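**Student:** After the C-alpha cells below, expect a handful of questions from me.
The values are calculated or read from the model by the stated rules, or taken from the named source; none is laboratory data. Nothing here was measured: the structure is a model prediction, and the numbers come from that model. Every residue, glycine as well, gets a Cβ built from its backbone with ideal geometry; the counts of neighbours run over all protein chains shown.
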Amino acid sequence: MVAYHLNVPHASGGLLGVGIFFTLSGYLITSILLRTYAKTGSMGFKNFWLHRARRLVPALLSVLLVVLVVSAIVNPSAFHERFSQALGAVFYVNNWVVIHQGVSYFARFGAGGPFDHLWSLSVEEQFYIVWPILLFGLLALTRGRLRRVAWITAGLASVSFAMLWIYSHPGFDNTRAYEGTDTRAGALLIGAILAMTWRPARLSRQVTLGARIFLNALAVLALGVIAQQIISTDQYSLSIYHSGLLWLSLATALLVALVMHPGSDANRVIGVAPLRWVGERSYGIYLWQLPITLAFPKTFLAGQAVIRDIVIIAVILGVSAISWTFLEDPIRRLGFRGGLAHLIDMGRHARKSNRSPIAVLGVAAVVVAVAIGGIALLSRHTTQVIAPTTTTTNPNVSTTTLPQQFATQTGCKVVAYDGDSTSEGLVSPDYLPNPADRIDAQLKALGVTTFYNEISGAQSINELWNNQPNAQMRTSALLRQGVRGCWIFALGTNDTADVAVGSHMGITARINAIMHLVNGQPTMWMTLKTLSGAATPYADPNMEAMNQDLIAACRLYPNMRVYNWRAEVQDNWYQTDDIHFTSAGYAQRSTRIAHALANAFPAHAASPPGCLVSSGIPG
C-alpha cells in the first residue's frame, strides 16, 4: 500500500494489500477465538476486545491528534471534514462516513486525504466486534462442529463477493464497492475458514524432500499469484471486483497455510529478523504512511523519484519505530495504566542517569509535527506560484485554418460556463487574486452582462462524482430556470478518462447529449491538452481523440464552434500534475477564452464559417 500511495511504477495494484491483510487478519483472529473456545467453552469477549483496544487505539489516537492539529494550523478550511472523518475513525465507522459523504478513495487528482486509508481499519474493527459474537452463535447452533461452521462461513463469503461484483461499475469511483464492510467481508471470512480447517500444530517438521519441494513450490505459486495481481492490476480495473479480490484472498490463504506449515521453508523465511521487525511495526507503518506521504509536496526532490520515495519511506519507518517503542509495545504488554507508568519510570531513570529518552521522544515528536506542518503548508501554496510566461510551440488540431480576427466585443449577453477542475482557477482568488483577471470579469469586459458559473471539480458530462450533478444535469437545470444565451463547455478531460477506464457512453454520444440540450443556442467548446503520458487515463492521446470528435460534431451543428485552446496553451502554464494550470496559465486561459467567444460570436458580424476559432492573442 505504501508503494501504491507513492505512485511507484508497476505498483498500481498495491491497493490490493488491504485484501491480503484482511485474509491474514481473519485467520489470526479466528485462530485466537477458537483456541479460547477450545479451552474455556467461551470466546472470552472481554479479554479479546480489551487486547484489541490496547493494540489498536493508542497509535490511532496519536495519528488523529497530530493530523488534526496540523490541519487546524495549516488548512483550517479542511478541519471540519478532517474532524468528522477522525470521529468516524475513533468509532470505527470511517468507511461508512466516507461512503455517506460521497468522498472518493480513488481521487481523480492528487493523493486524497490523510485519513483516506483508515476505512480498512474500520472494517477490521467491525469484524472484531461482530465476528466473535457470530462465531460463538454458529458454534452453539452446530454444537461445535467446525466443518459445518466453515460451510456456513463459506456461504457468507460467497454473498460478500457477489455483493462486491454487484456494487462495482465501469468508471473511476468504486468507493462503495471497495470500502463497504459487506463487500469486503469475504476476504476476512476466507481467512476465518482457513483457521477452522487448517491445523498446522498437528503437523510434523520432519517431512520428506519431495514433500518439502512440493510445499515450497506451492508457496512460490501463491506468492506469484499475489505478485501478478499487484503488478498487472490498476485501480480502475473491474477485474478487482469481479474476480481479482477473490483470487487474491485464496492465494493469500494458501500462502498463510504454507507459512504456518512447520515443514515448509516459507515458515523460516518469514521468520528472518528484518521481516519480523517490519511485522511488529506494520500497524504504525499503516497508520502513518498516508499522512506522511501527503505532507511532502510534489516539488520535493522533483525529478528524483527514487530518492524522494526512499526519504519518505525512511520517515515513515522512523516515526513508526518511535510509535512502537514508546507507545504501542508498552501498552500492548502492560496495559493502558502499565504503559503510562512505564513511560513515567523511563523519565525518572533518565533524570537519574542523565539520559533523556523521553526528551528525545518529545523533541522527535515536535520535529515530526513541525516538519509535517511546514511541508504541508508549502504543499498548499505550491500550485499558487505565478510562473513566468515564455513562448513555446505546441501541436495543433489541424483540419481548418484558424481565423485570426481579434473581436473586441461579443454578441453574447448571457453566458453559461460549464467546466471541470481545469477551470476552477478561472474563478479562484487563490490563483487569480485580482478580480479583473477572472473569467466573469473578462467576459463582461467584452460585452457579457450575465454570467452563470457551473464550474465543478471532477465534473464530466455523464458520470456522477461525489454525488455532484454532472454536466447534463447542470445544463438541464439552467434551461429549466429559463436561461437562454451562449454556452461555453470546457469539458472532456474527465470524460476521456471515464471512457478510457470503461464507461459505456462514448465521447460522440456525450457531445451530442449536450448539443441536443442547448438546442441551437450559440455554443463554444474547447479543445484539450494534457502533458500526461500514455500510462494514465488522462494521457494526451486520449485528449487528441476527443478533439477530433469535437470537430466532427461541429460539422453537424451550425450553432457550434470549437476554440482551439490546444494550439495556444504553453507547456510552462501547467502545474506539476500535467493537467491543471498555474496562476499565469489561468490568467492566460481566462483572457483567451473571453476573446475566443468574441471571435466565435462577435457583436456586429456573423459568426465566422468553419468550426475552429482562436483567441486572436499572439504568443
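**Student:** Could you tell me which numbered condition W573 fails, if it satisfies all but one of (1) touching a Gly at 6+ places or on another chain (Cβ under 8 Å); (2) free of Cβ contacts under 8 Å to residues at least 40 places away in the same chain?
**Tutor:** (2)
**Student:** Right, another one. Of the conditions (1) farther than 19 Å from Y417 by Cα; (2) at pLDDT 95 or above; (3) in contact with a helix residue (DSSP H, G or I) (Cβ under 8 Å, 6 or more places away or on another chain), S532 fails just one. Which one is it?
**Tutor:** So S532 meets the others, but not (2).
**Student:** Name the residues in region 160-196 that are surrounded by 15 or more Cβ atoms within 10 Å (Cβ to Cβ) and β-branched (V, I, T), would you?
**Tutor:** Passing the criteria: T175, T181, T183, I190, I193.
**Student:** Could you list, ordered by first residue, the pairs with Cβ atoms under 8 Å in which the first is in region 577-590 and free of Cβ contacts under 8 Å to residues at least 60 places away in the same chain and the second is of a type in the set (G, A, S), at least 6 apart or interchain?
**Tutor:** Once the first residue is free of Cβ contacts under 8 Å to residues at least 60 places away in the same chain and sits in region 577-590, its partners that are of a type in the set (G, A, S) give D578/S532.
**Student:** When the residues of region 259-312 are narrowed to those that are in contact (Cβ under 8 Å) with a residue 40 or more places away in the chain and of a type in the set (F, W, Y), which ends up surrounded by the fewest Cβ atoms within 10 Å (Cβ to Cβ)?
**Tutor:** Among those that are in contact (Cβ under 8 Å) with a residue 40 or more places away in the chain and of a type in the set (F, W, Y), it is F300.
**Student:** When only residues in region 497-554 that are of a type in the set (S, T, Y) and under 27 Å from G485 (Cβ atoms) count, which is farthest from the chain's Cα centre (by Cα)?
**Tutor:** So, considering only residues that are of a type in the set (S, T, Y) and under 27 Å from G485 (Cβ atoms), the one farthest from the chain's Cα centre (by Cα) is T523.
**Student:** Would a scan of region 523-531 turn up a residue that is of a type outside the set (D, E, K, R), in the same structural domain as P609 (by TED's automatic domain parsing), farther than 28 Å from V414 by Cβ and surrounded by fewer than 21 Cβ atoms within 10 Å (Cβ to Cβ)?
**Tutor:** Taking every residue of region 523-531 in turn, at least one turns out to be of a type outside the set (D, E, K, R), in the same structural domain as P609 (by TED's automatic domain parsing), farther than 28 Å from V414 by Cβ and surrounded by fewer than 21 Cβ atoms within 10 Å (Cβ to Cβ).
**Student:** Which of the residues spanning region 502-522 are within 30 Å of D234 (Cα to Cα), buried (at least 18 other Cβ atoms within 10 Å of the Cβ) and touching a residue at least 60 places away in the same chain (Cβ under 8 Å)?
**Tutor:** Within region 502-522, S503 is the sole residue that qualifies.
**Student:** Is it the case that region 429-440 has a residue that's within 23 Å of V569 (Cβ to Cβ), aliphatic (A, V, I, L, M) and surrounded by 16 or more Cβ atoms within 10 Å (Cβ to Cβ)?
**Tutor:** yes
**Student:** Shifting gears a bit: Looking for whichever is buried (at least 22 other Cβ atoms within 10 Å of the Cβ), under 32 Å from the mean Cα position of the chain (by Cα) and modelled with pLDDT under 95 here; the options are T576, T582. Which one fits?
**Tutor:** T582
**Student:** If you don't mind, there's one more thing I want to ask. Among the residues of region 199-231, which ones are touching a Gly at 6+ places or on another chain (Cβ under 7 Å), small (G, A, S) and surrounded by 13 or more Cβ atoms within 10 Å (Cβ to Cβ)?
**Tutor:** A211
**Student:** Going by what's in this entry, would W247 be described as over 28 Å from A53 (Cα atoms) and of a type in the set (F, W, Y)?
**Tutor:** The answer is yes for W247.
**Student:** Something else: I'm trying to understand the selection: among the residues of region 558-613, which are aromatic (F, W, Y) and under 20 Å from T410 (Cα atoms)?
**Tutor:** Y563, W565, F601
**Student:** Let me ask another. Can you tell me which residue in region 123-172 is farthest from S25 (Cα to Cα), limited to those that are touching a Ser or Thr at 6+ places or on another chain (Cβ under 8 Å) and among the hydroxyl-bearing types (S, T, Y)?
**Tutor:** Y167
**Student:** Conditions: (1) of a type outside the set (K, R); (2) buried (at least 19 other Cβ atoms within 10 Å of the Cβ); (3) without any contact (Cβ under 8 Å) to a residue 60 or more places away in the chain. I593 meets all but one. Number of the miss?
**Tutor:** I593 satisfies every listed condition except (3).
**Student:** Just to be sure before I move on: is Q588 at pLDDT 95 or above, out of contact with any Cys (no Cβ under 6 Å at 6 or more places or on another chain) and closer than 25 Å to A441 by Cβ in the structure I sent?
**Tutor:** yes
**Student:** Can you find a residue that is touching a strand residue (DSSP E or B) at 6+ places or on another chain (Cβ under 7 Å) and modelled with pLDDT under 95 anywhere in region 168-190?
**Tutor:** Within region 168-190, one or more residues are touching a strand residue (DSSP E or B) at 6+ places or on another chain (Cβ under 7 Å) and modelled with pLDDT under 95.
**Student:** Another question about this same structure. Among Q229, Q235, which is the only one that is outside any helix (DSSP H, G or I), farther than 24 Å from T30 by Cα and in contact with a Leu (Cβ under 7 Å, 6 or more places away or on another chain)?
**Tutor:** From the options Q229, Q235, the qualifying one is Q235.
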